[in-house]
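Below is one structure, written out as structure tokens; the observations come after it.
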Amino acid sequence: MLDLVTDKVHDENRQGEAFAPFVADPNGYRKRFYIESYGCQMNFADSEVVASILNNEGFGATRNVEEADLIFINTCSIREKAEQTVRKRLTEFRKLKTRRKDLLVGVLGCMAERLKAKFLEEERLVDIVVGPDAYRSLPTLVDEASGGQKAVNVLLSREETYADISPVRIDSNGVSAFVSIMRGCNNMCSFCVVPFTRGRERSRDAESILKECRELYNTGFREVTLLGQNVDSYYYIGNTNNGEHPKPITFADLLDSVARISADLRVRFSTSHPKDITDEVLHTMAAHENICKYIHLPMQSGSSRVLQLMNRTYTREWYLAKVDRIRQVLPDCGLSSDVIAGFCTEEEHDHEETISAMEYAKYDFSYMFYYSERPGTLAQRRYKDDVPENVKKRRLKEIVELQNRLSFESNQRDLGKTFKVLIEGDSKKSTADWMGRNSQNKVIVFPKQGTELKKGDYVNVTVTDCTQATLLGAINQPLGN
Ligand code: SAM
Ligand code: SF4
């Protein structure tokens with residue numbers, strides 16, 4: 001159980017998910033590629049961009065690794081465990097490669113960026129290494145590697161946002177999609193490898209984001225999640241044709257515009273940095289029913305001293321005041337967090353402060369990790385990773401147990417309430433039940449009750465029971481689409 005939790009990333013269910021082609025395959029492809037993704041939602045969204053680039057160059061996707069000419073693995077570096085998972089998967093690909101000499105293996109994403117050409121020395125089966133800003137060069141790199149050369153492109157860019165590329169949607173539920181609105185991160189949290197693997201922060205052209213969201217809505221999608229490492233610092237200055245100074249577009253402006261596409265299109269976003277989420281964003285959320293009342297607001301630690309070492313730029317008090325403000329403006333807002341146990345120098349009383357801050361914030365949900373030192377980060381260069389592993393694990397266990405209780409209590413507070421739910425598909429356990437989410441991002445399972453509903457429909461559901469992870473309910477009144 002602890003292992004599962006310690007390695008938890010943004011969507012645990014999707015780790016290692018393989019790309020599934022949607023369209024009937026005419027067999028006319030140059031080569032077939034198989035792509036598998038690990039890590040955060042950004043990586044999954046990137047794999048959709050990669051699939052689109054490869055498709056446009058005449059490569060076809062397959063979900064069957066055995067029939068692939070090219071295997072890509074989109075990697076994560078955030079914790080050591082994430083990298084170990086990728087290494088293990090590569091060992092499995094090695095077996096395939098001994099059988100098929102012409103098979104090419106490519107490593108994409110954060111681990112490719114972190115290790116660069118070193119990857120080719122460490123893992124001899126790897127033919128192609130591509131960083132997150134170099135996916136446009138993939139077709140050329142594949143050609144090079146097909147000619148027997150090793151191919152590497154790990155250049156980071158200050159401009160690349162892949163704004164003009166329409167991602168091929170891997171998420172086959174056809175209801176919810178991720179839309180990347182920015183790339184990179186300028187924050188330099190001392191524990192984090194992301195600024196080194198994904199480069200400087202840059203915001204994507206607002207018009208291209210709106211176009212993508214409109215297209216998604218028109219093809220039947222009913223929920224978009226705007227993605228970035230720090231969405232609240234979205235800032236885009238476009239061009240005007242009339243010679244006037246263009247007006248900068250903030251995250252609140254963008255949210256407002258996406259919400260106006262249709263009242264039937266739900267809008268979510270992730271992730272918010274507590275220092276950047278503004279009152280303007282909160283008021284925009286309040287103004288639109290279809291902007292989901294849910295904020296992922298990672299705290300990391302409840303101790304101001306540790307937060308300073310983490311370079312998070314806020315104190316415990318400042319963070320908790322932000323929680324108060326959210327509850328004031330959006331009384332029914334769901335709240336979740338990321339928490340790290342056992343960061344450098346963390347003492348027992350610091351850990352207690354994390355526990356008490358979590359109690360105060362009453363998170364509905366948290367992603368919880370123990371600290372994993374990452375090469376090249378500020379923390380690795382400046383501080384000693386001095387909390388023993390058994391202490392890190394014990395503190396993490398306490399944090400997880402607390403969150404389990406908070407989640408259960410939060411779900412119990414929902415008993416008897418009625419929520420508008422967007423149906424995502426059959427429940428995992430039974431095709432007699434639907435599974436959907438409410439605005440607060442809680443999963444609700446309820447019997448189909450012979451109604452004519454389909455996925456992508458909205459329905460009112462009254463909560464009748466709950467577990468720690470799921471609300472259980474009954475249809476109150478179908479809303480149609
Ligand atoms: N940009 C987001 C933010 O600041 O909230 C999160 C990005 S990161 C992909 C997701 C989470 O991984 C972080 O919020 C943090 O809790 C965790 N994380 C990052 N580096 C870590 C490390 N070295 N050890 C343990 N957890 C880490
Ligand atoms: Fe990493 Fe901090 Fe940037 Fe999040 S905000 S990606 S934790 S550096």
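The values are calculated or read from the model by the stated rules, or taken from the named source; none is laboratory data. Since the structure is predicted, the reported quantities are computational estimates derived from the model, not experimental observations. So basically every Cβ, Gly included, is an ideal-geometry build from the backbone, and we count neighbours across all protein chains shown. These accessible areas exclude ligands, DNA and RNA; they are computed on the full protein's heavy atoms, side chains included. Shrake-Rupley method; radii C 1.70, N 1.55, O 1.52, S 1.80 Å.
Taking a ≥ b ≥ c as the square roots of the eigenvalues of the Cα gyration tensor, an a/c ratio of 1.5 or more together with a/b no larger than b/c marks segment 126-216 as oblate.
Projecting the Cα atoms of Ser190, Ser157, Ser137 onto the dipole axis of segment 73-198, where Lys and Arg carry +1 and Asp and Glu carry -1 at the beta carbon, places Ser190 farthest toward the positive end.
Loop-located GluC sites (Glu not before Pro) in segment 385-481 (DSSP state other than H, G, I, E, B) with a sparse environment of at most 15 neighbouring Cβ atoms within 10 Å: Glu452. The accessible-area ordering, largest first, of the residues Trp434, Trp318 stands as Trp318, Trp434, per a 1.4 angstrom probe.
At a Cα cut-off below 25 Å, give the lysines reachable from Lys429, other chains included and same-chain residues fewer than 8 away excluded. Within the straight-line limit of under 25 Å, Lys429 reaches these lysines: Lys8, Lys417, Lys420, Lys442, Lys448, Lys454, Lys455.
A quarter of the convex hull surface defined by the alpha-carbon atoms of segment 181-265 gives 6.9 nm² as the mean projection. Between His283 and Ala432, the FRET efficiency from the beta-carbon distance, with R0 = 45 Å, is close to 0.60.
Which of rounded, prolate, oblate describes the chain, given a ≥ b ≥ c as roots of the alpha-carbon gyration tensor eigenvalues and a/c under 1.5 marking rounded, otherwise prolate only if a/b is larger than b/c? Since a/c stays below 1.5, the shape of the chain is classed as rounded. Each stretch of four or more DSSP H residues adds -39500 (n - 2.57); spread over every residue of the chain, this sum gives -10000 deg cm²/dmol at 222 nm. Ligands, DNA and RNA excluded, the heavy atoms of Cys189 present near 10 Å² of accessible surface to a 1.4 Å solvent probe. The count of lysine pairs in segment 221-379 whose Cα atoms are under 18 Å apart, excluding pairs fewer than 8 places apart on the same chain, comes to 4.
Percent of alpha carbon pairs in segment 269-381 separated by more than 16 Å? Every Cα pair in segment 269-381 considered, those over 16 Å come to 59 percent. How would segment 48-97 be classified by its alpha-carbon gyration tensor: rounded, prolate or oblate, with rounded meaning a/c under 1.5 and the a/b versus b/c comparison settling the rest? Judged from the Cα gyration tensor, segment 48-97 comes out oblate (a/c at least 1.5, b/c at or above a/b). Isolated cysteines in the chain, defined as those with no second cysteine Cβ under 4.7 Å, comprise Cys40, Cys76, Cys110, Cys185, Cys213, Cys292, Cys333, Cys344, Cys466.
Each Cα pair under 8 Å and six or more residues apart adds its sequence gap; the mean of these over the residue count of segment 374-481 is a relative contact order of 24 percent. Straight-line cross-link reach from Lys428 at under 19 Å between alpha-carbon atoms covers these aspartates and glutamates, not counting any fewer than eight positions away in the same chain: Asp11, Glu12, Glu17, Asp171, Asp457, Asp465.
Centre-to-centre separation between the Cα atoms of segment 126-193 and those of segment 291-364: 31 Å. If you count Lys pairs in segment 29-164 whose Cα atoms are under 26 Å apart, skipping same-chain pairs closer than 8 places in sequence, the total is 26. In order along segment 117-132, the Karplus-derived 3J(HN,Hα) couplings, from 6.51 cos²θ - 1.76 cosθ + 1.60 at θ = phi - 60°, round to 5, 4, 4, 5, 6, 6, 10, 5, 6, 6, 9, 10, 10, 9, x, x Hz, and Gly and Pro are given as x. At R0 = 35 Å, how high is the FRET efficiency between Leu378 and Lys448 if r is their beta carbon distance? Nearest 0.05 is fine. Efficiency at R0 = 35 Å is approximately 0.10.
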